[in-house]
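Novice: Could you have a look at this structure, given as structure tokens, before my questions?
The values are calculated or read from the model by the stated rules, or taken from the named source; none is laboratory data. A quick note: this is a predicted structure, and the numbers were derived from the prediction, not measured. Positions of Cβ are generated from backbone atoms using ideal geometry, with glycine treated the same way; all protein chains shown enter the neighbour counts. Only protein heavy atoms, including side chains, enter the accessible area calculation; ligands, DNA and RNA are left aside. Shrake-Rupley method; radii C 1.70, N 1.55, O 1.52, S 1.80 Å.
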Amino acid sequence: MGRSFVIALGIALSFAGMMYFMARALSPEPVWEAYQIANYSVRYGEADRAGRRALAAERAQRNRAYLEARKAWSRQYFIITVPLAFLAMLVGGIIRQNTAASGLVAGALVLLVTAYVQYWNTLSAGLKASVLALVLAMLVVFSYRKLEGIFDNWGGDRRKRHADRRHKR
């Protein structure tokens, strides 16, 4: 049981990490420093009143541009990762090997959490509710199909192997 958990955890973290970095490779995240004014504090301190206003206005404009770029990147990350997470949940629900299935589903959940954290503030309430309902439905189906077999046979294989050994002697 412990070894299966560790393997499933490894699959989950590997899958989520791979998808995260793949999405970042397909759509690079905006870099904060690229939107900042070089030596802003020094330039602000040396400027006169008009120069300070101009620097402050430029800084505000660059901050807005960064937030817009970040919002666009978050949307792209969401669009890339959410379908992949649902696909992983579907595959996890189909395959028979419980350790791999659990790892894929857990990895998909980690990926969904990262996608929602990145894009949550810009999603509409209807989209939030519908996607979360779909995740809940998939988890219920997964737990019904997978966990029922696990708990029905809890320790059954071990007892059967032990009984088989006694009969062989």
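Novice: Taking the residues in the stretch 112-138 that are among the hydrophobic types (A, V, I, L, M, F, W, C) and open to solvent by less than 40 Å² (accessible area, probe 1.4 Å) as candidates, determine which candidate is nearest to F78 (Cα to Cα). It would help to see each step written out before you state the result.
Specialist: Going through the stretch 112-138, the residues among the hydrophobic types (A, V, I, L, M, F, W, C) turn out to be 112-113, 115, 117, 120, 123, 125, 127, 129, 131-138.
Checking which are open to solvent by less than 40 Å² (accessible area, probe 1.4 Å) leaves us with 112, 115, 123, 131, 135.
Details: L112: 8, A115: 5, L123: 10, V131: 12, V135: 15 Å.
Once the filter is applied, the top-ranked residue is A115.
Novice: Quick one: how many residues across the stretch 77-90 are more than 12 Å from the chain's Cα centre (by Cα) and surrounded by 17 or more Cβ atoms within 10 Å (Cβ to Cβ)?
Specialist: Here the count works out to 1.
Novice: How about the stretch 27-42: which of its residues are among the aromatic types (F, W, Y) and more than 14 Å from R70 (Cβ to Cβ)? Walk me through it before giving the result.
Specialist: The initial filter retains those residues of the stretch 27-42 that are among the aromatic types (F, W, Y), namely 32, 35, 40.
Across the stretch 27-42, the qualifying residue is only Y40.
Novice: Could you list all residues from the stretch 1-25 that are surrounded by 10 or more Cβ atoms within 10 Å (Cβ to Cβ) and among the aliphatic types (A, V, I, L, M)? Write out each step before concluding.
Specialist: Keep residues of the stretch 1-25 that are surrounded by 10 or more Cβ atoms within 10 Å (Cβ to Cβ), which gives 4-24.
Across the stretch 1-25, the qualifying residues are V6, I7, A8, L9, I11, A12, L13, A16, M18, M19, M22, A23.
Novice: Here's another thing I want to ask about it. What are the residue pairs meeting all of these: first residue in the stretch 122-146, first residue under 26 Å from E68 (Cβ atoms), second residue open to solvent by less than 80 Å² (accessible area, probe 1.4 Å) and among the polar types (S, T, N, Q), Cβ atoms under 8 Å, and 6 or more apart or on different chains?
Specialist: Within 8 Å, the pairs are T122/S74.
Novice: What number of residues in the stretch 119-131 are under 18 Å from the mean Cα position of the chain (by Cα) and not in a helix (DSSP H, G or I)? Let's see the steps before the verdict.
Specialist: The initial filter retains those residues of the stretch 119-131 that are under 18 Å from the mean Cα position of the chain (by Cα), namely 119-123, 127-131.
Filter again for not in a helix (DSSP H, G or I), leaving 123.
Residues in the stretch 119-131 being under 18 Å from the mean Cα position of the chain (by Cα) and not in a helix (DSSP H, G or I): 1 in total.
Novice: Could you give me the residue pairs with C-beta distances under 6 Å whose first residue belongs to the stretch 13-26 and is under 17 Å from L104 (Cα atoms), whose second residue is of a type in the set (G, A, S) wherever it lies, and which are 6+ apart or on separate chains?
Specialist: F15/G107; A16/G107
Novice: State yes or no: is R64 more than 19 Å from M18 (Cβ to Cβ) and over 17 Å from the mean Cα position of the chain (by Cα)? Show your work before the answer.
Specialist: Details: more than 19 Å from M18 (Cβ to Cβ): yes; over 17 Å from the mean Cα position of the chain (by Cα): yes.
When the stated conditions are applied, R64 passes them.
Novice: Working only within the stretch 91-111, note down all residues that are more than 16 Å from L9 (Cα to Cα) and crowded, with 16+ Cβ neighbours inside 10 Å.
Specialist: G93
Novice: Since R43 meets every condition but one in (1) within 20 Å of T122 (Cα to Cα); (2) in contact with a Leu (Cβ under 9 Å, 6 or more places away or on another chain), which condition does it not meet?
Specialist: Checking R43 against (1) within 20 Å of T122 (Cα to Cα); (2) in contact with a Leu (Cβ under 9 Å, 6 or more places away or on another chain), the one that fails is (1).
Novice: Then there is this: Aliphatic (A, V, I, L, M) and either more than 26 Å from Y144 (Cβ to Cβ) or modelled with pLDDT of 90 or more (or both): does that describe A65? Please lay out each step first, then the result.
Specialist: Working: aliphatic (A, V, I, L, M): yes; either more than 26 Å from Y144 (Cβ to Cβ) or modelled with pLDDT of 90 or more (or both): yes.
The answer is yes for A65.
Novice: Let me ask something else about it. Could you count how many residues in the stretch 26-59 are closer than 30 Å to L84 by Cβ, among the small types (G, A, S) and exposed (fewer than 14 other Cβ atoms within 10 Å of the Cβ)? Quick ask: steps written out before the conclusion?
Specialist: Kept after step one, since they are closer than 30 Å to L84 by Cβ, are these residues of the stretch 26-59: 26-35.
Within this subset, residues satisfying the condition of being among the small types (G, A, S) are 27, 34.
If we keep only those that are exposed (fewer than 14 other Cβ atoms within 10 Å of the Cβ) as well, we get 34.
Summing the residues that are closer than 30 Å to L84 by Cβ, among the small types (G, A, S) and exposed (fewer than 14 other Cβ atoms within 10 Å of the Cβ) in the stretch 26-59 gives 1.
Novice: Going by the conditions given, is A57 among the small types (G, A, S) and modelled with pLDDT of 90 or more?
Specialist: On the way: among the small types (G, A, S): yes; modelled with pLDDT of 90 or more: yes.
It is true that A57 is among the small types (G, A, S) and modelled with pLDDT of 90 or more.
Novice: Then there's this: Regarding W120, is this residue at pLDDT 85 or above and under 19 Å from M19 (Cβ atoms)? Show your work before the answer.
Specialist: Working: at pLDDT 85 or above: no; under 19 Å from M19 (Cβ atoms): yes.
In short, no.
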